[in-house]
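Written below as structure tokens is the structure these notes are about.
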Amino acid sequence: MNIQDIIKPENLVYKKPTLLNDTTMHYCPGCSHGVVHKLVAEVLEEMGYADKTIGIAPVGCAVFAYRYIDIDWQEAAHGRAPALATAIKRLMPEKLVFTYQGDGDLAAIGTAETIHAANRGENIAIIFINNGIYGMTGGQMAPTTLPGMKTATSPQGRTVEMNGYPLKIGNLLAQLDGTCYVTRQAVHKPANVRKTKAAIKKAFQNSLDGKGTSIVEVVSTCNSGWKLSPAKSNEWMEENMFPMYPLGDLKNE
């Protein structure tokens, strides 16, 4: 068998999404961002909406999404992505508008923008990467950091007495009348990758159908911030992150 036989269409199992640019991946090995980027590109390609989509990039590791996915992008100030997405969607309601944000951006400095956009039921989709830490700036404690979790700014571990409880913002957003779909997924195993892809597609379709705000939270790893190998990070996530942030739909109307 020669290579031409192997790459025949009927033998093709996987190919790189055409919307992914040929950019050298800058994310740390084992980071969940690259997988989610691929899923966003696949979904937009399958929906045929690449030229009708506007993504909003935030501040933090997720900001470089615009380097990898070949669609129109607008960069927002730190935490303000939902506000910018609101303006774009209202001005161009025919567009598919989504934000791609980390937990420091969405659940810390951007808490107000996130909550109020969702409460208004803006017809946008929000992809929320939750790794429980500030990844880009040195591994500081985030609102989503777990009790006892060591970070650059909580070297002895987060304490509830000093720092309060982790913010389960997905649960909070699910209580708002303006949200139509809030789900929490992961991408550490093939089955979970498929579920996350389906969730992203549903969120995007909700936006196009004018159903309100959709949030896809992806519980993720930050092996550099956690000081663990990629494999150990996945194990730590399953043992520690999932009990605090259990996977599944929080709201599905």
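With θ taken as phi - 60° and the Karplus curve 6.51 cos²θ - 1.76 cosθ + 1.60 applied, the whole-hertz 3J(HN,Hα) list for region 163-178 is 10, x, 8, x, 8, 8, 5, x, 5, 5, 5, 5, 7, 7, 5, x Hz, x standing for glycine and proline.
3J(HN,Hα) along region 180-196: 10, 8, 9, 9, 10, 10, 8, 9, 7, 9, x, 4, 5, 4, 5, 5, 5 Hz, from the Karplus curve 6.51 cos²θ - 1.76 cosθ + 1.60 with θ = phi - 60°, whole Hz, x for Gly and Pro.
Positive contributions from Lys and Arg (+1) and negative ones from Asp and Glu (-1), summed over other residues with Cβ under 12 Å from the Cβ of Val63, come out at -1. Charged neighbours of Met47, selected by a Cβ distance under 12 Å, balance to 0 (K, R count +1; D, E count -1). Extension gain for Lys227-Gln140 works out to 30.1 nm (0.36 nm per residue, less the C-alpha to C-alpha distance). Amide H to amide H, with H built 1.01 Å from N, Ala57 comes under 5 Å of Gln74, Glu75, Ala76, counting only residues 5 or more places away or on other chains. Normalised per residue, the accessible area of region 94-253 is 41 Å², obtained with a 1.4 Å probe and no contribution from ligands, DNA or RNA. Taking the square roots of 5 times each eigenvalue of the Cα gyration tensor of region 212-253, largest first, gives ellipsoid semi-axes of 26, 11, 6 Å. Database remark: amide H of Met149 closer than 5 angstrom to the amide H of Arg158 (H placed geometrically; neighbours at sequence offset of 5 or more, or on other chains; Pro and chain starts carry no H).
In the structure displayed, which of Lys89/Lys251; Lys201/Lys227; Lys15/Lys89 lie more than 30 Å apart, Cα to Cα? Where the Cα-Cα span goes over 30 Å, the pairs concerned are Lys201/Lys227; Lys15/Lys89. Ligands, DNA and RNA left out, the 1.4 Å accessible surface of region 162-202 is 55% carbon and sulfur atoms. So, counting K/R as plus one and D/E as minus one, what does the shell of residues with Cβ under 12 Å around Glu238 add up to? Local charge sum for Glu238: 0. Kirkwood-based Rg over Rh for the chain (C-alpha set), two decimals? Value, to two decimals: 0.98. The share of accessible area on region 205-253 that comes from carbon and sulfur is 49 percent, using a 1.4 angstrom probe. For region 172-215, the Kirkwood estimate of the hydrodynamic radius, built from every pair of different alpha carbons, is 11.0 Å. Spatially, region 191-253 and region 158-184 are offset by 14 Å when compared through their Cα centroids. A crude spin-label estimate for the pair Asp209 and Thr24, with each label 7 Å from Cα along the Cβ direction, gives 4.4 nm. Ordering 127-136, 196-205, 46-55 by mean Cβ neighbour count within 10 Å, with the highest value first, yields 127-136, 196-205, 46-55. Per residue of the chain, the DSSP helices (runs of n ≥ 4 H) give a summed -39500 (n - 2.57) that works out to -9500 deg cm²/dmol at 222 nm.
With Cα atoms as the point set, region 131-209 shows a radius of gyration and Dmax of 15.9, 47 Å. Extension gain, Asn163-Arg194: 0.36 nm per intervening residue step, less the Cα-Cα distance, totals 7.6 nm.
The values are calculated or read from the model by the stated rules, or taken from the named source; none is laboratory data. Bear in mind the structure is a predicted one, so any value in this text is a computation, not a measurement. For neighbour counting, all protein chains shown are included, and Cβ atoms are generated from backbone atoms with ideal geometry for every residue, glycine included. Only protein heavy atoms, including side chains, enter the accessible area calculation; ligands, DNA and RNA are left aside. Shrake-Rupley method; radii C 1.70, N 1.55, O 1.52, S 1.80 Å.
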